[in-house]
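The values are calculated or read from the model by the stated rules, or taken from the named source; none is laboratory data. Fair warning: this is a prediction, and the values are worked out from it, not measured in the lab. Quick reminder, even Gly has a Cβ in these numbers, built from the backbone with ideal geometry, and neighbours come from all protein chains shown. What goes into the accessible areas is simple: the full protein's heavy atoms, side chains included, and nothing from ligands, DNA or RNA. Shrake-Rupley method; radii C 1.70, N 1.55, O 1.52, S 1.80 Å.
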Amino acid sequence: MLAQVPANVVAASISSIEREQQQQQQQQQQQQQQQQQFRQPWAGQIDQSPSVQQLQHEHLAGSHSSAAPTETRELEEPSYVVEPGPGQDSMEAAAQRRALWMRAIKPPMYSVGYIPVLVGAAAVFLETGTLPMLRILGLLAAAISIIAWLNLSNDAFDATTGVDETKPESVVNLTGNRPLVFWLSVAFLVVGVSLLGHFISSTGDMRVAAMLALSIACGYMYQGPPFRLSYKGLGEPLCFLAFGPSATPAFYLALLPAASQATAGVAAAAAATATAGATAVGPQWPSLLTGAAAQLPLPPVSSLAWGLSLLVGASTTTILFTSHFHQIDGDRAAGKHSPLVRLGVERGVSVLTASVVGVYLLAAALAACGALPALVLGPVLLLSLGPAKSLVDYAVTHKLDPARLALLKRFACMW
């Protein structure tokens, strides 16, 4: 039967099939183009970066420039580059100023003030089992006020020598008012001395007042005219004396309970009597504020308090030493012969490492001779090994980067 079908009918059938296939292909292409046109605006707004959109517009402009140049301009979209406005600039400036104020206030550095109080309290607790909390809190407030005086007065004194001209975190540079900073420091000194006088007057022990007065005098001679001993490289010995053998035993004596003071004083008097072979009368020490004579012999400073004061003095001196690393150029230009100006960074890092190791050797020696309890001191030293290693590693790693060395004193305070 296929042979009987005319040839023209077969040809017509084939052509009709081909037309149907072409129509189907055209419909599919139209559907794909419609889907692409539907997705493209959303992709351009969400998924594509401005650089990709620009390339697409350039491509459209190149393909249709001869036919419809006006349409190409209409297809171009505005740039998505966002320039910071005045509000953003002011926010960044405020954040930077807050950071400078935090560096000027130096919160970690206040640890050098309250550590002697806490160490003295720890010694009293180990020996007597008591903690006079009200007196501890009062002495802490006094110590923090004294450190605030030191920080502010140092900035005020340094402003007169020009050593802080390039130091943006100076309180004087931030406020632009040196007299205000100076008198604010005096106010903190008055508050600190008043609190000290209030909380040590009941002890009737002039040694406490004398040792604390010595510590404050060392703080003034560090930067204050006409001494300015820190400019002569003598700041570290002053720091060791002020916070170590002077302040720490003073706080220890101020925190001893009255009953313990009496017991210790009687024991000291009995020992003196036995040694001299005669009746000993306890020394009559005038009270600090009332002028009345103390009726009981004064207690001695225990070997525990003396030993801990040496460790406090050594560690506090290390903190002061680390604060010079990032200021070598400024100190040298102002004629301030700090230890780092004399040593240089390389030898300074070596001295820092030796100082940290020396603190542990000193603690071991004091424990070996019985001045410090090994069972208590051992765990404390073990816990401090991590921060000590971080301190030395940071100094060695960043010794050629003064900007990073500015953070070295924070590692020292954490230690």
Next item on the list: Just give me the residues in region 145-179 being open to solvent by 20 Å² or more (accessible area, probe 1.4 Å) and hydroxyl-bearing (Ser, Thr, Tyr), in sequence order.
Entry: THR160, THR161, THR166, THR175
Margin query: For the structure I just gave you, tell me whether PHE227 is open to solvent by 50 Å² or more (accessible area, probe 1.4 Å), at pLDDT 95 or above and within 23 Å of LYS336 (Cα to Cα).
Written below: no
Notebook entry, point to check: Looking at LEU375, LEU366, LEU400, LEU405, which one is surrounded by 13 or more Cβ atoms within 10 Å (Cβ to Cβ), at pLDDT below 90 and not small (Gly, Ala, Ser)?
Noted result: LEU405
Next item on the list: May I ask you to list the residues in region 391-415 that are touching a Leu at 6+ places or on another chain (Cβ under 9 Å) and basic (Lys, Arg)?
Entry: LYS399, LYS409
Check: What are the pairs, 6+ residues apart or on separate chains, where a residue within region 143-171 that is over 30 Å from MET211 (Cβ atoms) has its Cβ under 6 Å from a residue that is at pLDDT 85 or above and of a type in the set (Phe, Trp, Tyr)?
Finding: none
Note to self: Among the listed residues ALA122, ALA142, ALA104, ALA99, identify the single one that is surrounded by 21 or more Cβ atoms within 10 Å (Cβ to Cβ) and either in contact with a Ser or Thr (Cβ under 6 Å, 6 or more places away or on another chain) or among the hydrophobic types (A, V, I, L, M, F, W, C) (or both).
What the structure shows: ALA142
Next item on the list: Restrict the check to region 310-333 and report whether at least one residue is in contact with a Gly (Cβ under 8 Å, 6 or more places away or on another chain), within 22 Å of PRO116 (Cβ to Cβ) and open to solvent by 30 Å² or more (accessible area, probe 1.4 Å).
Entry: yes
Next item on the list: Search region 378-397 for residues being open to solvent by 50 Å² or more (accessible area, probe 1.4 Å) and at pLDDT 90 or above, and hand back the single one that is farthest from ARG103 (Cα to Cα).
Entry: LEU385
Next item on the list: Specify the residue that is most open to solvent (accessible area, probe 1.4 Å); the eligible residues are those in region 63-96 that are polar (S, T, N, Q) and at pLDDT 50 or above.
Entry: GLN96
Next item on the list: For region 124-132, indicate whether the set of residues that are touching a helix residue (DSSP H, G or I) at 6+ places or on another chain (Cβ under 6 Å) and among the charged types (D, E, K, R) is non-empty.
Entry: no
Next item on the list: Select from region 346-363 the residues that are open to solvent by 40 Å² or more (accessible area, probe 1.4 Å) and aliphatic (A, V, I, L, M) and list them in ascending order.
Entry: VAL351, ALA354, VAL357, LEU361, LEU362
